[in-house]
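Step one of this worksheet: look at the structure below.
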Amino acid sequence: MLVGVVGAPNKGKSTFFAAATAAEVQIANYPFTTISPNKGVTYVRAECAHLSLGIQNCSRCMNGTRLVPVNIVDVAGLVPGAHEGKGLGNKFLDDLRQADALIQVVDASGKTDLYGNPAADQDPLEEVKFLKEEFAWWICQILERKKHASSKEAAQSLSGLKITEAMLANAARRCGLDISSGLPAGTDLFRLAEALVDERMPIVVAYNKMDLPGAEKNLQKAKERGLEAFPCCAAAEFALRKAAMRGIVQYTPGDSTFSIKGAADERQMEALDWIFALMKKNGGTGVQQIIDYVVYRKLMAIVVYPVEDEHKCTNHKGEVLPDALLVPQGTTARQLAALIHTELASSFICAIDVKRKVRIGAEHALRNGDVIKVVAGR
Ligand SMILES: Nc1nc2c(ncn2[C@@H]2O[C@H](COP(=O)(O)OP(=O)(O)OP(=O)(O)O)[C@@H](O)[C@H]2O)c(=O)[nH]1
Ligand SMILES: [Mg+2]
């Protein structure tokens, strides 16, 4: 599973990425700080399975909260006209080919324009509109070369973007277009491409820089327009995770607040004070909430725990609940076996649902929080 962090320049994409991964990346108050993509691993929160199993010695969770890994990539800023080569162009969108969902970071305060330069009152809704359009142009450029192709061939030309024939057919249906004898041209092709963006992947908007004046007003406006937008302060999350790593605060990503546990100097206390007030107002910094929302609600993922010993819930090293895996809803026991090891799938006999203490078959669909032992032949 891969989540892409996208948006216009200077909106806080790399700050969001750094907060989510604790990676050291370049962050600066000017456009196009990021040129090559930053790739990393972030986490979603899950209630650790040890709680419902009544096991005491789980070593992998934080007070019952399990952090389950997800890949994340932060790319260069995109500007209007990128498909015509403006800014850094849109070649770097190739880095998003494998993404399953996108988080678009916008400057909620409206103090940077679509090109990342200082602005008085930029409406983030314009950013949301142009980003989707640039993605649609990207798809259009590929489809234009396939004007007379069958829908199967057209879909094949988009397979590198993980776009299927079914997605193309759905998009055409939603636009009321008949593509059985070829693709449309002009505005109809663009409409089709826009619909394909919707089919292909969810885009959730992070209204970042909520600490700045004007942000609240813009967020309210977005909600009134029915946009799926979430308040966020990547800078606060970044500072908090750093403070947690240094032992100054007790904070699990996604908590609605934090507590002070170590010595902090005056400057640090001041920073923690404003973060505390901001979190109180918004119920957290928003970063983790957005990632969880994308993975669980938009990508409909579930968490499963493979184990080798169904009695102790351990692997062969004796580690309790060693792995927590994110898989799509509907994943079967055999598909889980294949994720662990291809040989496990081919020699699959049955699996054991450890929580319910029952055997399950290859085609049994797993549930969120399942602890599974795969039984395989030699
Ligand atoms: N006030 C405030 N500033 C923020 C926040 N998040 C990021 N910033 C600032 O916004 C500026 C741009 O941050 P980056 O993370 O480099 O932005 P980017 O979108 O990756 O920029 P490019 O790589 O140039 O496209 C920096 O000065 C950050 O410190 C936030 O939540 N609040
Ligand atoms: Mg950046």
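The values are calculated or read from the model by the stated rules, or taken from the named source; none is laboratory data. Everything numeric in this text was worked out from a predicted model, so none of it was measured. Here the Cβ is made from the backbone with ideal geometry for all residues, glycine too, and neighbour counts use every protein chain on show. The area values use the complete protein model at the heavy-atom level, side chains included, leaving out ligands, DNA and RNA. Shrake-Rupley method; radii C 1.70, N 1.55, O 1.52, S 1.80 Å.
At-a-glance table
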item: Any hit, the stretch 1-9, residues being in a loop (DSSP other than H, G, I, E, B), touching a residue at least 12 places away in the same chain (Cβ under 8 Å), more than 10 Å from ligand 2 (Cβ to nearest atom) and in contact with a Pro (Cβ under 9 Å, 6 or more places away or on another chain); result: yes
item: Within the stretch 279-303, tally of residues that are in a strand (DSSP E or B) and touching a helix residue (DSSP H, G or I) at 6+ places or on another chain (Cβ under 6 Å); result: 1
item: Selection status of Glu266, modelled with pLDDT under 95, in contact with a Pro (Cβ under 9 Å, 6 or more places away or on another chain) and surrounded by fewer than 15 Cβ atoms within 10 Å (Cβ to Cβ); result: no
item: Residue list for the stretch 306-329, filter: more than 21 Å from the chain's Cα centre (by Cα) and outside any loop (DSSP other than H, G, I, E, B); result: Pro306, Val307, Asp309, Thr314, Val320
item: In the stretch 3-39, the residues that are among the charged types (D, E, K, R), under 16 Å from the mean Cα position of the chain (by Cα) and within 7 Å of ligand 1 (Cβ to nearest atom); result: Lys13
item: Complete set of residues in the stretch 19-28 that are in contact with a Gly (Cβ under 9 Å, 6 or more places away or on another chain) and either open to solvent by 10 Å² or more (accessible area, probe 1.4 Å) or near ligand 2 (Cβ under 9 Å from one of its atoms) (or both); result: Thr21, Ala22, Ala23, Val25, Ile27
item: Any chance Arg241 is out of contact with any Ser or Thr (no Cβ under 6 Å at 6 or more places or on another chain), open to solvent by 50 Å² or more (accessible area, probe 1.4 Å) and at pLDDT below 95; result: no
item: Count - residues of the stretch 47-95 that are small (Gly, Ala, Ser) and either open to solvent by less than 20 Å² (accessible area, probe 1.4 Å) or within 21 Å of Ala18 (Cα to Cα) (or both); result: 7
item: Selection from the stretch 218-262 of residues that are part of a loop (DSSP other than H, G, I, E, B) and more than 15 Å from Gly284 (Cα to Cα); result: Arg225, Gly226, Leu227, Glu228, Arg246, Gly247, Ile248, Lys261, Gly262
item: Residue in the stretch 99-114 that is of a type in the set (Ser, Thr, Tyr), in contact with a helix residue (DSSP H, G or I) (Cβ under 7 Å, 6 or more places away or on another chain), closer than 16 Å to Lys11 by Cβ and assigned to a loop (DSSP other than H, G, I, E, B) present; result: yes
